[in-house]
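Read through the structure below, which is laid out as structure tokens, and then see the notes.
The values are calculated or read from the model by the stated rules, or taken from the named source; none is laboratory data. Quick caveat: nothing in here was measured; it's all calculated off a predicted structure. Positions of Cβ are generated from backbone atoms using ideal geometry, with glycine treated the same way; all protein chains shown enter the neighbour counts.
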Amino acid sequence: MGKMRENPRYNVISMRISDEERERLQQIMETTQMSVSDIMREAMDLITCQLEKARPADKKAA
């Protein structure tokens, strides 16, 4: 039986991208030595940070 993971990931998301986007993604993977999944997780973290910074101060406390 396989090793138990601390944070198992059960959700799979797929998306369609153009040939140009695939080339850009491949370059990012080669440059960073990261997987597609890790790149997408980091992208979500960056967007989340940007959204939190853009949120008005009065809504942060809510």
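Within segment 5-54, the set of residues being charged (D, E, K, R) and at pLDDT below 95 comprises 5, 6, 9, 52, 53. Please count how many residues of segment 16-47 are surrounded by 11 or more Cβ atoms within 10 Å (Cβ to Cβ) and either β-branched (Val, Ile, Thr) or in contact with a Cys (Cβ under 6 Å, 6 or more places away or on another chain) (or both). The number of residues fulfilling the criteria is 4. Only residues that are in a loop (DSSP other than H, G, I, E, B) and of a type in the set (A, V, I, L, M): list them for segment 1-35, please. Result: 1, 4, 12, 13, 15, 17, 34.
Looking at segment 32-46, which of its residues are of a type in the set (Gly, Ala, Ser) and closer than 16 Å to residue 11 by Cα?
37
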